[in-house]
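The values are calculated or read from the model by the stated rules, or taken from the named source; none is laboratory data. Note that the structure is predicted; figures quoted are calculated from it, not measured. In this analysis, Cβ positions are derived from the backbone assuming ideal geometry, glycine residues included, and neighbour counts consider all displayed protein chains. Accessible surface areas use protein heavy atoms only, side chains included; no ligands, DNA or RNA. Shrake-Rupley method; radii C 1.70, N 1.55, O 1.52, S 1.80 Å.
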Amino acid sequence: MLALVGDARFFLPLRDPGPARDVLMEERLERAIGVLYLPRTERQSHYFMAQLARQFDGIVHIDRTSAVTPLDATSGWHSGEPPETSPQGL
């Protein structure tokens, strides 16, 4: 949705009243991050109703990004190996 604005990068402040804040005051589904994936109850256990303008002071939109690599590749990081995606795998 934010990509439709037409700017590749922007900051949208949400503290002060305005049309963007008004639209983002509508309750919408927000997906929780870091929850245990339970396919049978995904809607009930992974999503909740939220008003973004009440939850955040602003939104940073960056249309295109790239992956990063560690500055110091320790023994816990192995280049070329797929990431851990437990419990479902790739």
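With the simple spin-label model, which puts each label point 7 Å out from Cα in the Cβ direction, the residue 71 to residue 55 separation comes to 3.1 nm. Using a cut-off of under 13 Å, list every residue of the range 40-72 whose amide N is near the label point 7 Å from the Cα of residue 8 along the Cα-to-beta-carbon line. Within reach of a label on residue 8, which here means backbone N under 13 Å from a point 7 Å along Cα→Cβ, the range 40-72 contributes 62-66. Once the Cα-Cα distance is subtracted from the 0.36 nm per residue extended length, the residue 15 to residue 1 segment shows a gain of 3.0 nm.
Computed with a 1.4 Å probe over protein heavy atoms only, the accessible surface of the range 1-64 comes to 83 Å² per residue.
Work out the FRET efficiency for residue 63 and residue 29 from their Cβ-Cβ distance, taking R0 = 25 Å, and round it to the nearest 0.05. Spell out each step's value before the answer.
On the way: r = 22 Å, r/R0 = 0.89.
Efficiency, from the Cβ-Cβ distance: 0.65.
Per residue, the convex hull around the alpha carbon atoms of the range 1-79 comes to 165 Å³.
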